[in-house]
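The values are calculated or read from the model by the stated rules, or taken from the named source; none is laboratory data. Not measured: the values here are computed from a predicted model. A quick note on method: Cβ atoms are made from the backbone with ideal geometry, for glycine too, and the neighbour counts reach across all protein chains shown. Heads up: the accessible areas ignore ligands, DNA and RNA and are worked out on the full protein's heavy atoms, side chains in. Shrake-Rupley method; radii C 1.70, N 1.55, O 1.52, S 1.80 Å.
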Amino acid sequence: MIKIFNHYFHRRTVLQVMFDMGLVVVALILALYIQSNASLFHLAIVGEGFTRGVLIALGVLSVNSALGFYERGRSKSSGQMRARAVLSVLLSGAIASGVLVLLPLEPSYDAKWVVLVVLGTTGFMLTHRVLVGEMLPTALKRRRVLVYGTGERAATVGQSLQHASAHVELVGYYASPNETEARVPAAAIVAPGERLDLLAQREGVDEIVVALTDRRGGAMPMRELLDCKLRGVRVSDVATYFEQNLGQIRIESASAGWLIFGEGFNQGFLRTLVKRVFDIVSALILLVLTLPLMLVTALLVKLESPGPVFYSQERVGLNGRIFKVVKFRSMRNDAEKDGVPRWATAGDSRVTRIGRILRKVRIDELPQLFCVLKGDMSMVGPRPERPYFVDQLVQDIPFYAVRHSVKPGVTGWAQVSYHYGASKEDTVEKLQYDLYYVKNHSLFLDVVVLFETIGVVLTGSGAH
């Protein structure tokens, strides 16, 4: 894993992004060279192509990121990825045309031909990735992981490894003498009794995840683990594994000591100032861009059912302070006529027809931009919850109150990483992503979340 501004990326993802960006830039420069018949390394052509190529590449990368081509997991089928590749090519053509309109080429160049080159490059890049395989050496595409442990935690790690990425191979589970009851398939337990370092060398293990239920009583062969690390094998505990590979902090594997003495949770003045400026600027831009859409939405909500266009509700914000959140009304006006708060669920009968569409594409959240300008919310942060539920959740779920150490957000890492929370169990899952955000939040991560949010809106995933 590679850590960039407190956020973890797999090296494969970083290489993908660098390769894709370089491919678009080089293709654009070559297209200009072919049309000009100039000598190689003509600085004027390189400068003209590089500037426009970088802008087009950034747009293409943003689209590909939003469509899930750089995501951590393998949650999409081949058919879905092919459909998204077609959409990416079309959007890339629009981006290239827009850049060349804003920054026109010299009259001697044919802009249409340049756009075709960008379309062909993007199409080749995505077709090769979806249908044939990524343009990277095999050694960089697959990581062999051995799980040390056979208990409940080891089983959880193994399941996540099998679903996390096509580029991760689970070697198996190495049994600890302290774990008497195995929770993993017996056939997956490798080489019982063999030295751990010799096993890792023989199997070509790249990473060992220590996932023991109990580490006391000499459960870990420290010398063998050290030998593995000295030979270049990555050794990580289960809490670090989930943080770096899945972007979450698992409640059952994290401890107060791990959170206190580990890195992260930076809440300094500079970070607060940068985040506030980012919130104001991005909220103003979005308000200007979406104002016509909000006016149409307000009219549709008013026409479909009696009641106000907006609804406000108490939510818990920074440091437990209560504030009023504002949204477009997506439920009937009598949704809670008995006064008892309820979780919103998938297929909720209280949701109106227009409300279902608004929730699907997240338009009902747009009025929260005013809460951002007011300072009650941030653009990115944990989802604000109602006091009624917070009082219960703080008592029942460890570390739940930690999410109130930052402002709640219009969107967030949990919202783009997990589906809409409709129960206490879903809340636990989303909290694990919220804890990751609180620990590692930065301007860079905020930008990543906003790009991921675009993908959620385009595909309708995560909503109900």
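Below, the figures for the structure above:
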| quantity | calculated |
| --- | --- |
| Long-range neighbours under 8 Å by Cβ, at least six apart or interchain, first residue closer than 20 Å to residue 176 by Cα and in a helix (DSSP H, G or I) within the stretch 153-164, second among the basic types (Lys, Arg) and open to solvent by 30 Å² or more (accessible area, probe 1.4 Å) | 154/183; 155/183; 156/250 |
| Given (1) of a type outside the set (S, T, N, Q); (2) under 24 Å from residue 181 (Cα atoms); (3) assigned to a loop (DSSP other than H, G, I, E, B), index of the condition residue 197 fails | (3) |
| Filter pass, residue 45 being under 30 Å from residue 110 (Cβ atoms), of a type in the set (A, V, I, L, M) and at pLDDT 85 or above | no |
| Flag if residue 197 is of a type in the set (D, E, K, R) and open to solvent by 10 Å² or more (accessible area, probe 1.4 Å) | no |
| The stretch 95-111 - residue that is modelled with pLDDT of 80 or more and open to solvent by 60 Å² or more (accessible area, probe 1.4 Å) and, of those, farthest from the chain's Cα centre (by Cα) | 104 |
| Subset of the stretch 212-235 [open to solvent by less than 40 Å² (accessible area, probe 1.4 Å), modelled with pLDDT of 90 or more and hydrophobic (A, V, I, L, M, F, W, C)] | 225, 228, 233 |
| Which numbered condition residue 205 misses (of (1) within 28 Å of residue 7 (Cα to Cα); (2) modelled with pLDDT under 90; (3) part of a loop (DSSP other than H, G, I, E, B); (4) not hydroxyl-bearing (Ser, Thr, Tyr)) | (2) |
| Count - residues of the stretch 241-281 that are part of a helix (DSSP H, G or I), in contact with a strand residue (DSSP E or B) (Cβ under 9 Å, 6 or more places away or on another chain) and modelled with pLDDT under 85 | 3 |
| Members of the stretch 424-449 found to be open to solvent by 30 Å² or more (accessible area, probe 1.4 Å) and within 18 Å of residue 392 (Cβ to Cβ), listed by number | 424, 425, 428, 429 |
| Every pair of residues 6+ apart whose Cβ atoms lie under 6 Å, when the first sits in the stretch 284-304 and is modelled with pLDDT of 90 or more while the second is surrounded by 13 or more Cβ atoms within 10 Å (Cβ to Cβ) | 286/369; 287/369; 290/366; 294/366; 297/328; 297/363; 298/309; 300/354 |
| Some residue of the stretch 156-168 being over 30 Å from residue 21 (Cβ atoms), of a type outside the set (Asp, Glu), open to solvent by 50 Å² or more (accessible area, probe 1.4 Å) and modelled with pLDDT under 90 | yes |
| Of all residues in the stretch 407-464 being assigned to a helix (DSSP H, G or I) and of a type in the set (Ser, Thr, Tyr), the one that is modelled with the lowest pLDDT | 459 |
| Conditions (1) hydrophobic (A, V, I, L, M, F, W, C); (2) crowded, with 17+ Cβ neighbours inside 10 Å; (3) at pLDDT 90 or above; (4) over 17 Å from residue 7 (Cβ atoms); number of the one not met by residue 401 | (2) |
| Long-range neighbours under 7 Å by Cβ, at least six apart or interchain, first residue over 22 Å from residue 228 (Cα atoms) and in contact (Cβ under 8 Å) with a residue 12 or more places away in the chain within the stretch 176-202, second open to solvent by 50 Å² or more (accessible area, probe 1.4 Å) and in a helix (DSSP H, G or I) | 183/152 |
| Test set (1) out of contact with any helix residue (DSSP H, G or I) (no Cβ under 6 Å at 6 or more places or on another chain); (2) modelled with pLDDT under 90; (3) outside any helix (DSSP H, G or I) - residue 146 fails condition number | (2) |
| Residues located in the stretch 177-194, provided they are in a loop (DSSP other than H, G, I, E, B), open to solvent by 80 Å² or more (accessible area, probe 1.4 Å) and farther than 17 Å from residue 145 by Cβ | 177, 180, 181, 183, 192, 193 |
| Near pairs, Cβ below 9 angstrom, 6+ apart or cross-chain, from the stretch 256-274 (open to solvent by 50 Å² or more (accessible area, probe 1.4 Å)) to any residue that is among the hydroxyl-bearing types (Ser, Thr, Tyr) | 258/240; 265/405; 266/442; 267/405; 274/442 |
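A quick yes/no check of all residues on (1) in contact (Cβ under 8 Å) with a residue 60 or more places away in the chain; (2) open to solvent by less than 50 Å² (accessible area, probe 1.4 Å):
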site: 354; (1), (2): no, yes
site: 374; (1), (2): no, no
site: 388; (1), (2): no, no
site: 406; (1), (2): yes, yes
